[in-house]
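Engineer: Take a look at the following structure, please.
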Amino acid sequence: MKVYFAPNSRAVRTVWLLEEIGLPYELERFTLGQKEMRGPEYTKINPNGRVPTLIDGDITITESTAIAVYLAAKYAPELAPRPDDPNFATYLQWLHYAEGMIMPPVNNYVVETILLPPERRNEQMANRALKLLNKVLGAAETHMDGREFISGNFNIADTITGHAVIISRRLGADFSILPNLSAYANRLEARPAFKRADSA
């Protein structure tokens, strides 16, 4: 099994899950923005030139949430609630919340503060993205009241939306008003599998 990977990217989610499951894998490393990610060799594998990409035998998957669903279904069904589980609908909601709600303002903020050269950055757009990020994190804060994990026991929704929460905090979202998410992020970052993925 091979993972195309860059630190501080969604690829950390994939490596984290592989570490949780205990599956062996090989890393093909990039750094974000590296020109080889857009080169012909890699875009034959992932036409978008992004990470992660998972290759498992003759299977290639390029979306982090789809990778998580695949790995759980094939190798760790205990990490995905079944339809008859009372947490199933909640699990689905929060499995997809990261990409639907949290990551769009994260992406905009990162572009305006990190990826663009200084002369092209727009402070107003960056501030707007951060304001929206704080708003969508508020819904997750309310949901996590009294919960240890997103939907019952630890599952792949935690590796997806939980990772988005961790990234949001690292980027400077206002966690002083998010005590539930702060505690949640601390729990996730303390997991040995996460620590290994985060330092990969």
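All of the numbers you see were taken from the coordinates with simple rules; none came from a lab. Everything numeric in this text was worked out from a predicted model, so none of it was measured. Counting neighbours? That spans all protein chains shown, and the Cβs are built from the backbone with ideal geometry, glycine included.
Engineer: For the chain, give me the percentage of DSSP beta bridges that are antiparallel, rounded to the nearest 5 percent. Write down the numbers at each step before the final one.
Structural biologist: Working: 6 of 10 bridges.
Given both bridge residues lie in the chain, the antiparallel proportion sits at roughly 60 percent.
Engineer: Radius of gyration and Dmax for the range 25-110's Cα atoms, expressed in Å?
Structural biologist: Cα only, the range 25-110: 15.5, 46 Å (Rg, Dmax).
Engineer: Per DSSP helix of 4 or more residues, -39500 (n - 2.57); summed, then divided by the residues of the chain. What does that give at 222 nm, rounded to the nearest 500?
Structural biologist: Values: 9 runs with 98 residues, N = 200.
Calculated from helices alone, the mean residue ellipticity at 222 nm is -15000 deg cm²/dmol.
Engineer: Set the Förster radius R0 to 30 Å, insert the Cβ-Cβ distance between Asp174 and Ala89 as r into 1/(1 + (r/R0)^6), and round the FRET efficiency to 0.05. Write down the numbers at each step before the final one.
Structural biologist: Values: r = 29 Å, r/R0 = 0.98.
According to the calculation, E is roughly 0.55.
Engineer: Still on this structure, please answer the following. Against the globular-protein guess of 2.2 N^0.38 Å, express the Cα radius of gyration of the chain as a ratio, rounded to two decimals. Don't skip to the answer; put the middle values down first.
Structural biologist: Working: Rg = 16.8 Å, N = 200, 2.2 N^0.38 = 16.5 Å.
That works out to 1.02 for the chain.
Engineer: Further question: Roughly how many nanometres apart are two label points built 7 Å out from the Cα toward the Cβ at Tyr70 and Thr43?
Structural biologist: Between Tyr70 and Thr43, the simple spin-label model gives 2.1 nm.
Engineer: I need to check one value: relative contact order of the range 81-200, counting alpha carbon pairs closer than 8 Å and at least 6 residues apart, in percent. Mind showing how you got there, number by number?
Structural biologist: On the way: 101 pairs, mean separation 34.5, N = 120.
Taking the mean separation of contacting Cα pairs over the length of the range 81-200, I get 29 percent.
Engineer: Counting DSSP beta bridges in the range 1-83, what percent are antiparallel, to the nearest 5?
Structural biologist: Bridges in the range 1-83 are about 60 percent antiparallel.
Engineer: Using r as the Cβ-Cβ distance of Leu32 and Thr60, and R0 as 22 Å, what FRET efficiency do you calculate, to the nearest 0.05?
Structural biologist: My answer for the efficiency is 0.60.
Engineer: Looking at the chain, how many pairs of lysines come closer than 21 Å at the Cα, when each pair is eight or more places apart or spans two chains? Before the final figure, lay out each step's value.
Structural biologist: Working: Lys2/Lys35; Lys2/Lys44; Lys2/Lys74; Lys2/Lys195; Lys35/Lys44.
Final tally of qualifying lysine pairs is 5.
Engineer: Considering Cα pairs under 8 angstrom that are at least six residues apart, work out the relative contact order of the chain and quote it in whole percent.
Structural biologist: Working: 251 pairs, mean separation 47.6, N = 200.
Relative contact order of the chain: 24 percent.
Engineer: Quick one: Karplus J couplings for the range 120-134, per residue in order, coefficients 6.51, -1.76, 1.60, θ = phi - 60°, nearest Hz, x for Gly and Pro?
Structural biologist: Those phi angles translate into 9, 6, 10, 5, 5, 5, 4, 5, 5, 5, 5, 4, 5, 4, 4 Hz.
Engineer: Using the count of nearby Cβ atoms within 10 Å as a rough guide to exposure, how do Ser176, Ser168, Ser182 rank from fewest to most? Write down the numbers at each step before the final one.
Structural biologist: Working: Ser176 7, Ser168 27, Ser182 16.
Fewest to most other Cβ atoms nearby, the residues stand as Ser176, Ser182, Ser168.
Engineer: Related question: So for the chain, taking the charge dipole from beta-carbon charges (+1 Lys/Arg, -1 Asp/Glu), which of Trp16, Leu178, Ile55 sits furthest toward the positive end?
Structural biologist: Towards the positive end, the residue furthest out is Leu178.
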